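The structure appears right after this line, and notes come after that.
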Amino acid sequence: MQQLQFEASWEKAIAEQDRQHIETIFNKTKHAPDSDILCTPIREAINHKEELLVTVLVHNFTDNPLAFHNVRLLYSVHDEVIADNIFTIHALVIPAKVSMPWTFIFPKGSYKQQTAFENGRLEIV
């Protein structure tokens, strides 16, 4: 059975309203259609360093932990790839049958400048 977990730094810092929003998303998406790994969008933003922040709920429906070591991620909006980057995140290991929120940071230059980033899809390649 799929469980929702928060990484330690998230557990300490997350606002109650954000936690409830993520729990609602989890309850709507915790049953895998036909995927081993599914990234459900939570929000997108551009920060003060002009980095693209893509926050998703990563569902690991497999029987193995999911680690992010030299993992290529693509972020698409309306089927157009607008961000592409390789990620190594030592703090992010998602246990088997666990869903965990995470913000992936695409550095300036790794994404196409545009006015809207909403309603996108994050894909592990």
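The values are calculated or read from the model by the stated rules, or taken from the named source; none is laboratory data. It should be emphasised that the depicted structure is a prediction, and the values quoted were computed from it without experimental measurement. Glycine also receives a Cβ, built like all others from the backbone with ideal geometry; neighbour counts cover every protein chain displayed. Side chains are part of the model used for accessible areas, which takes the heavy atoms of the whole protein and leaves out ligands, DNA and RNA. Shrake-Rupley method; radii C 1.70, N 1.55, O 1.52, S 1.80 Å.
Some observations on this one:
- Comparison of SER99, SER110 shows that the only residue that is in contact with a His (Cβ under 7 Å, 6 or more places away or on another chain), open to solvent by less than 40 Å² (accessible area, probe 1.4 Å) and at pLDDT 90 or above is SER99.
- Taking residues in the range 83-106 that are without any contact (Cβ under 8 Å) to a residue 24 or more places away in the chain, and partners anywhere that are in a strand (DSSP E or B) and open to solvent by 40 Å² or more (accessible area, probe 1.4 Å), the pairs with Cβ atoms closer than 7 Å and at least 6 places apart or on different chains are ILE86/ASN70; ILE86/ARG72; THR88/HIS69; THR88/ASN70.
- Boolean, ARG72 is within 12 Å of the chain's Cα centre (by Cα), open to solvent by 50 Å² or more (accessible area, probe 1.4 Å) and either at pLDDT 95 or above or over 17 Å from PRO95 (Cα atoms) (or both): no
- Residue check, PHE104 of a type in the set (Phe, Trp, Tyr), assigned to a strand (DSSP E or B) and surrounded by 14 or more Cβ atoms within 10 Å (Cβ to Cβ): yes
For every residue, the table says whether it meets (1) more than 20 Å from THR88 (Cα to Cα); (2) without any contact (Cβ under 8 Å) to a residue 60 or more places away in the chain; (3) assigned to a strand (DSSP E or B).
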| residue | (1), (2), (3) |
| --- | --- |
| THR24 | yes, yes, no |
| HIS31 | yes, yes, no |
| LEU38 | no, yes, yes |
| ILE42 | yes, yes, yes |
| HIS48 | yes, yes, no |
| LEU53 | no, yes, yes |
| HIS59 | no, yes, yes |
| ALA67 | no, yes, yes |
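- Residues of the range 21-45 satisfying the condition of being more than 15 Å from the chain's Cα centre (by Cα) and open to solvent by 50 Å² or more (accessible area, probe 1.4 Å): THR24, ASN27, LYS28, HIS31, PRO33, ASP34
- For SER76, the test of being part of a strand (DSSP E or B), of a type in the set (Ser, Thr, Tyr) and over 24 Å from SER9 (Cβ atoms) is passed.
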